[in-house]
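Below is one structure; the comments refer to it alone.
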Amino acid sequence: MKLDSKAMRHLTAEDWRVLTAVEIGSKNHEVVPTPLIESISKLRGGAGRVRHSISALAKVGLIARLKEARYDGYRLTYGGLDYLALHTYASQKAVYSVGNQIGVGKESDILVVADEAGVQRILKIHRLGRISFRTVKANRDYLRRRQGGSWMYLSRLAAEREYAFMRVLKEEGFLVPDPLSQSRHTILMSLIDAFPLRQIASVPDPAALYAELIALILRLARHGLIHGDFNEFNILIKEEEESISDSGEEQKQPQPSSAKGKEIEHPPPPSTNPTSTSPSPSPDHDPTVTENNNKIKITPVLIDFPQMVSMDHANAEMYFDRDVACVKRFFERRFQFVSTQPGPFFRDAKKTVGKNGARRLDAAVEASGFSKKALKDLEAAIREQQEARGPEGEQASASDDDDDEDDDDDDDADDQETDEESNRGADNDGQSDGEIEATNDVA
Ligand code: ADP
Ligand code: MG
């Protein structure tokens, strides 16, 4: 499903209250009974006013009535939850406008947003359960029945966990995006002006980059962590020009993204065919220097953390080996680079955990209050998604992204639209606090 923020400006303060009431009611009810929505939202206009808002919200797909429900009730849709998160960011003045979607993973949507000053940021919306919900009806029922096991709960957990990891990694000085805010199933972070490694056809020194990435895996291990999805989509490559000044000192200059592609080749967008081989760099191309004879320095920035695990995890060795194998495989295929050194091996990395005063970041995140049961649910859901995605299937075609999870219970609520309702947009334009402006030209 795509986030369409257009309807946001048309929601009244009452509508937001009712939407929030449905969210609150969802904590204890799969389907929130209408009388409960009424009592939680406590609108001055009473039940009539609430029904009016319910109808408006259902019409734009933020809540949905369930046909099979034994009683009259609603549940929040992904769209509804998206809006609530955006509303929160807007009131924090963290997001002002919503721009283009730059990524559609199976597990998340990535959007460029901007604050009031026009500074671009990344909004990551977790969509766990999307595959199960869309493809297998049985799975959907299973998730629904499982206590607390809904997509909303899982996606929120994923976002909270990813944000917790980003914070401790940032604090420790790892190169990751700045974690700016978190709300519900979403996180807000700084935008990294860089391409994923997947899109880099050649680099000045594959051996050096390989060594840097392996060192990163080992540095994480010293802090008690394994990334768990250390692949070419989750490593962004920043390119900086290093000019050599007269004094011999190197000065870094960030490469404007518009100039990208000159010094480091970028192949066409990722193929969805996992067995396709990468294009080979042109032989007369020297990517190590620019036109001004400056050197290009490349720096990897790590992203995508909900699945991170502790070095003490029961399957830690498998996750560690998989991360290492992923780097090796990619460097061999893309850069024809094979390290002469075997490993690194889990047993050696394990000995370094917490050594020389390295802060245990796994423990720091665990201490931030995730229950064991929640973690089990999240792990199971992530594993399920990764299996469905297959090796290297990340960011596969977005073309199947035609619909949202509500395809069989669309907004059949209160079809009795009045003139007043269809005009509400005009009436309320600009009145809501922290309005989000829909735009397409931000990115
Ligand atoms: P998923 O969990 O769906 O894999 P990711 O966090 O890996 O989501 O993001 C998917 C893609 O979006 C990345 O491969 C990258 O191209 C882009 N992306 C994500 N976060 C950022 C960021 N902070 N800055 C720039 N691009 C980003
Ligand atoms: Mg990713």
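For the range 1-87, state what percent of all Cα-Cα pairs lands in each successive 10 Å bin, counting from 0 Å until the bin that includes the largest distance.
All Cα pairs considered, the percentages come to 19, 56, 24, 1.
Counting other beta carbons within 10 Å of each Cβ, put R9, R184 in order, fewest first.
R9, R184
Ranked from highest to lowest mean number of other Cβ atoms within 10 Å per residue, what is the order of the peptides 363-371, 205-213?
Result, highest mean first: 205-213, 363-371.
Among the listed pairs K170/K355; K238/K372; K27/K67; K350/K376; K59/K373, give every one whose C-alpha distance is greater than 25 Å.
Listed pairs above 25 Å: K238/K372; K59/K373.
At R0 = 22 Å, how high is the FRET efficiency between A215 and D193 if r is their beta carbon distance? Nearest 0.05 is fine.
0.40
Rule-based calculations on the coordinates, nothing more; no lab input. The structure displayed is predicted, hence computed values, not measured ones. Glycine also receives a Cβ, built like all others from the backbone with ideal geometry; neighbour counts cover every protein chain displayed.
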